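The values are calculated or read from the model by the stated rules, or taken from the named source; none is laboratory data. Just so you know, these numbers come straight off a predicted model, no measurement behind them. Don't worry about glycine lacking a Cβ; one is built from the backbone with ideal geometry, like all the others, and counts go over all protein chains shown. What goes into the accessible areas is simple: the full protein's heavy atoms, side chains included, and nothing from ligands, DNA or RNA. Shrake-Rupley method; radii C 1.70, N 1.55, O 1.52, S 1.80 Å.
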Amino acid sequence: MEPLLEVRGLKKHFPVRTGMFQSEKKSVKAVDDVTLHLNRGETLGVVGESGSGKSTLGRLILKLLAPTAGEIFFEGTDITDLSRRQMLRVRRDMQIIFQDPYASLNPRMTVEKIVGEPLLVHNVVPASEIPDRVGVLLEKVGLHRDLADRYPHEFSGGQRQRIGIARALALSPKLIVADEAVSALDVSVQAQVVNLLQGLKREPELSYIFIAHDLSVVRHMSDRVAVMYLGKIVEVATNQEPVQKSAAPLYARTHFGRASPQPKAKKQARNPYGEIPNPIDPPSGCSFHGRCKHAMESCRRDVPQLVDAGDGHLAACPVLNPPSVAART
Ligand SMILES: Nc1ncnc2c1ncn2[C@@H]1O[C@H](COP(=O)(O)OP(=O)(O)OP(=O)(O)O)[C@@H](O)[C@H]1O
Ligand SMILES: [Mg+2]
């Protein structure tokens, strides 16, 4: 079956100025040659350290950013170069939920305005029907419909995230990109919102790209998990894999330890593998080699390709994928 979304050779290089007088022009390869697909009804988790390019990838997929290179296909149609007007129809089918539900909700708008806005913009229902549609959406995300005339500051973090989810659901999208959608919430509230998102997946044809730091949350949500490192996808694991592999994506487990939702400073202090390299001057070969306890001579030289080890588990690593295995694929 044709995938809902297909991304081929996607790149986003941000120009930056470095050097003593900011005179040197270089670029940050925030997303560097990413190829992936998302099946209908599937949840693809995306994990990776801070700065690995997860948000940039999400924004590229939603066409909130223009790619430097590569192609994006949605339902078989190449949407890479569609104009804003042409994108309007596609936009209804792809929505985003952000990390910070407070910053992403307009504080001067009532819940009814916030959740109903997409319906109004896309002219989906007559204005007179919007209050009722908003009521249904609020109930779908576990909020009482009487709360529609309140403002965002009157809600808790978890409730605000539910409002953001109701807004994302308003146009019955086929794809939702959730970028750290639960990371800012208390652990108990996180579980409730994760369960809500899981439950909504039973909607016909709703697929997620679920971006987060916390591997356990991502694994709970996802059918497959992609690990990003310095702009590249370095591993894709499925949830159906044998226990030793499914405990966590191998790359993350062997190389990062358990990714945690801690603030950056704390996370790096606890990371036994040191800091992520400067993305402006990434290391040669495998960009992880300086931090990898398994690195071999060839890792300093050769950029490893993402290959299937034969069981659906993809890894860009000659240790996880010895050349004998890679040669077979
Ligand atoms: N507009 C921009 N201009 C220059 N560099 C950028 C821009 N946006 C992102 N970057 C850089 O691109 C890289 C990837 O950033 P991105 O925000 O996608 O990472 P992330 O994986 O989402 O990180 P986090 O987990 O902290 O949210 C980083 O090095 C970042 O500094
Ligand atoms: Mg991010």
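For the list (1) surrounded by fewer than 23 Cβ atoms within 10 Å (Cβ to Cβ); (2) touching a residue at least 24 places away in the same chain (Cβ under 8 Å); (3) assigned to a loop (DSSP other than H, G, I, E, B), I need the number of the one condition that Arg202 fails.
The failed condition is (2).
Search the stretch 54-68 for residues that are farther than 18 Å from Ala212 by Cβ and pair each with any residue that is within 13 Å of ligand 2 (Cβ to nearest atom) and part of a helix (DSSP H, G or I) when their beta-carbon atoms are under 9 Å apart and the residues are at least 6 apart or on different chains.
These pairs meet every condition: Leu64/Gly58; Leu65/Thr56; Leu65/Arg59; Ala66/Leu60; Pro67/Leu60.
When the stretch 181-215 is examined, which residues are found to be under 23 Å from Gly53 (Cβ atoms), out of contact with any strand residue (DSSP E or B) (no Cβ under 6 Å at 6 or more places or on another chain) and within 16 Å of ligand 1 (Cβ to nearest atom)?
Within the stretch 181-215, Val182, Ser183, Ala184, Ala212, His213, Asp214 meet the criteria.
Each row is one residue, and each column tells you yes or no for (1) on the phi > 0 side of the Ramachandran plot; (2) touching a Lys or Arg at 6+ places or on another chain (Cβ under 9 Å).
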{"position": "His122", "(1), (2)": "no, yes"}
{"position": "Arg133", "(1), (2)": "no, no"}
{"position": "Leu137", "(1), (2)": "no, yes"}
{"position": "Pro152", "(1), (2)": "no, yes"}
{"position": "Arg162", "(1), (2)": "no, no"}
{"position": "Ser172", "(1), (2)": "yes, yes"}
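Quick one: Gly70 ticks every box in (1) over 30 Å from His220 (Cα atoms); (2) near ligand 1 (Cβ under 9 Å from one of its atoms) bar one, so which box is it?
It fails just one condition, (2).
How many residues are of a type in the set (A, V, I, L, M), more than 9 Å from ligand 1 (Cβ to nearest atom) and either in contact with a helix residue (DSSP H, G or I) (Cβ under 6 Å, 6 or more places away or on another chain) or touching a residue at least 24 places away in the same chain (Cβ under 8 Å) (or both) if we restrict to the stretch 4-35?
Start the filter on the stretch 4-35 by keeping residues that are of a type in the set (A, V, I, L, M), which leaves 4-5, 7, 10, 16, 20, 28, 30-31, 34.
Cutting the leftovers down to more than 9 Å from ligand 1 (Cβ to nearest atom) gives us 4-5, 7, 10, 20, 34.
Going one step further and asking which of them are either in contact with a helix residue (DSSP H, G or I) (Cβ under 6 Å, 6 or more places away or on another chain) or touching a residue at least 24 places away in the same chain (Cβ under 8 Å) (or both), we end up with 4-5, 7, 10, 34.
Going through the stretch 4-35 one residue at a time, the tally reaches 5.
Return the residue satisfying two criteria in turn: it lies in the stretch 146-163 and is of a type in the set (Lys, Arg) and open to solvent by less than 80 Å² (accessible area, probe 1.4 Å), and of such residues it is nearest to Ala184 (Cα to Cα).
Going through the qualifying residues, I end up with Arg160.
So, Ala30, is that one over 16 Å from Ile176 (Cα atoms), more than 13 Å from the chain's Cα centre (by Cα), at pLDDT 95 or above and not polar (S, T, N, Q) or not?
yes
Return yes when Ala69 is open to solvent by 10 Å² or more (accessible area, probe 1.4 Å) and either β-branched (Val, Ile, Thr) or within 14 Å of ligand 2 (Cβ to nearest atom) (or both) and no when it is not.
no
Tell me, which residue of the stretch 41-57 that is over 25 Å from Thr18 (Cα atoms) and over 12 Å from the mean Cα position of the chain (by Cα) is surrounded by the most Cβ atoms within 10 Å (Cβ to Cβ)?
Once the filter is applied, the top-ranked residue is Glu42.
Limited to the stretch 179-195, what total is found for residues that are farther than 13 Å from Met221 by Cβ, in contact (Cβ under 8 Å) with a residue 12 or more places away in the chain and aliphatic (A, V, I, L, M)?
Within the stretch 179-195, residues that are farther than 13 Å from Met221 by Cβ, in contact (Cβ under 8 Å) with a residue 12 or more places away in the chain and aliphatic (A, V, I, L, M) number 3.
Exactly one of (1) near ligand 1 (Cβ under 10 Å from one of its atoms); (2) open to solvent by 40 Å² or more (accessible area, probe 1.4 Å) is unmet by Leu88. Its number?
Of the numbered conditions (1) near ligand 1 (Cβ under 10 Å from one of its atoms); (2) open to solvent by 40 Å² or more (accessible area, probe 1.4 Å), the odd one out for Leu88 is (1).
If we keep just the residues of the stretch 205-239 that are at pLDDT 90 or above and assigned to a loop (DSSP other than H, G, I, E, B), which is surrounded by the most Cβ atoms within 10 Å (Cβ to Cβ)?
So the residue we want is Gly231.
Scan the stretch 101-131 residue by residue and report those that are within 16 Å of ligand 1 (Cβ to nearest atom) and surrounded by fewer than 16 Cβ atoms within 10 Å (Cβ to Cβ).
Ala103
Looking at Leu60, Leu38, which is the one that is open to solvent by less than 30 Å² (accessible area, probe 1.4 Å), more than 16 Å from ligand 1 (Cβ to nearest atom) and under 14 Å from the mean Cα position of the chain (by Cα)?
From the options Leu60, Leu38, the qualifying one is Leu38.
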